Amino acid sequence: MMTVSIEDKQLISRAEDLLDMAQRQYTCKHSGFLSPHERIVLQRNLKAPRDIKTDYFGGYDEAERSVLLCYPDDFELSDFGIPPITALLIEGKDLERLNHRDYLGSLLGLGLKREKIGDILSDGKQCYIFVLEEIAPYILLNLSKIGSAGIQLKQISFDEVKVPEKKTQAIEGTVSSLRLDNVLSLALNTSRSKAVEYLRSGRVMLNWEPEENVSKTLKEGDMLSIRGFGRVKLTAVGGKTRKDRTHISLAKYV
């Protein structure tokens, strides 16, 4: 049985409060933006009353960060003017030299909490930011530049969002098995013993959950999040070599 951390228990308790309020007030309640890990925790542990529905929405299909929505089961979300989030479009010169950290840092520099901000999508020419609708006017009024780059900012509909393709770097190689330590070693281009250190120091998440089991067997589609390195996806498992090693393909998100 998987252990639930103190932080996750607090998360579940707050979500249960939302369910209770949605039921008592017969209305829709929502959380702030959840990380992928937080969403998984709630999907696994949150038990909604029979007359309350739950949903998750981040502004577009496959959004990483999303809000939890709790509402009576005989209502549609459109009845509440939901979802409670909106999209902002950033345009300007020199955006190609900016990264996710630059955008997030500028938003947090306005005094905003991370849970108010969803995904940040940039293709180097423009950037889409999903935020709770309640803070959109404040951002529109106060955000005039990202780093030293001047910007133009406007609120747009979800239909106007053109989700950019995620950029990846291919990593190819062979492993003795699909154990986590072996795959991590290839991803980091380091020794297996060093990969084990990463795992046992709590720096690795598998499919958005902490993982320290070095012998965990991976499969195609599994996502590794490595603190200080980024994210790597196991995209393909190939055949065997003459030395009985397995060909694999990884995609590192850049």
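The values are calculated or read from the model by the stated rules, or taken from the named source; none is laboratory data. Every value quoted in this text rests on a predicted model; they were computed, and no experiment measured them. A quick note on method: Cβ atoms are made from the backbone with ideal geometry, for glycine too, and the neighbour counts reach across all protein chains shown. Only protein heavy atoms, including side chains, enter the accessible area calculation; ligands, DNA and RNA are left aside. Shrake-Rupley method; radii C 1.70, N 1.55, O 1.52, S 1.80 Å.
Between 0 and 90 degrees, the angle of helix 36-45 with respect to the longest Cα principal axis of the chain falls at about 80 degrees. Across region 49-168, Cα-Cα pairs more than 22 Å apart make up 36 percent of the total. Just name one of Gln23, Leu140, Leu11: the one whose Cα is farthest towards the positive end of the charge dipole of the chain (beta-carbon charges, Lys/Arg +1, Asp/Glu -1). Most positive-ward Cα: Leu11. Under 1.5 on a/c is rounded, so check that first for the chain, then, if it is not, pick prolate when a/b is larger than b/c and oblate when it is not; a ≥ b ≥ c are the square roots of the alpha carbon gyration tensor eigenvalues. Note, shape of the chain comes out oblate. Quick check on region 106-254: take the gyration tensor over C-alpha atoms, sort the square-rooted eigenvalues as a ≥ b ≥ c, and tell me if it's rounded (a/c under 1.5), prolate or oblate. Prolate, because a/c is 1.5 or more and a/b exceeds b/c.
For the chain, report the accessible area per residue in Å² (1.4 Å probe, heavy atoms, rounded to an integer). Walk me through the numbers before you get to the answer.
Details: 14350 Å² over 254 residues.
So the chain comes to 56 Å² accessible per residue, rounded to a whole number.
Every helix of 4 or more DSSP H residues in the chain counts as -39500 (n - 2.57), and over all residues that averages to -7500 deg cm²/dmol at 222 nm.
Among the GluC sites (Glu not before Pro) within region 69-159, those in coil by DSSP and having at most 15 neighbouring Cβ atoms inside 10 Å are Glu76.
Work out the FRET efficiency for Lys47 and Glu133 from their Cβ-Cβ distance, taking R0 = 22 Å, and round it to the nearest 0.05. That gives a FRET efficiency of 0.20. Dipole magnitude for the chain: computed about the Cα centre from +1 point charges on Lys and Arg Cβ and -1 point charges on Asp and Glu Cβ, it is near 1360 debye.
In a reduced charge model with +1 at each Lys and Arg Cβ and -1 at each Asp and Glu Cβ, region 164-211 shows a dipole moment near 120 debye about its Cα centre.
If only the Cβ of Lys and Arg carry +1 and only the Cβ of Asp and Glu carry -1, the dipole of region 1-42 around its Cα centre is close to 120 debye. Under 28 Å of direct C-alpha separation, and excluding same-chain neighbours fewer than eight residues apart, Lys154 reaches these lysines: Lys29, Lys93, Lys113, Lys116, Lys125, Lys145, Lys162, Lys166, Lys167. Under the combined filter of DSSP loop state and at most 10 neighbouring Cβ atoms within 10 Å, region 19-73 retains these GluC sites (Glu not before Pro): Glu62. Computed on the chain, with alpha-carbon pairs under 8 angstrom and 6+ residues apart, the relative contact order is 14 percent.
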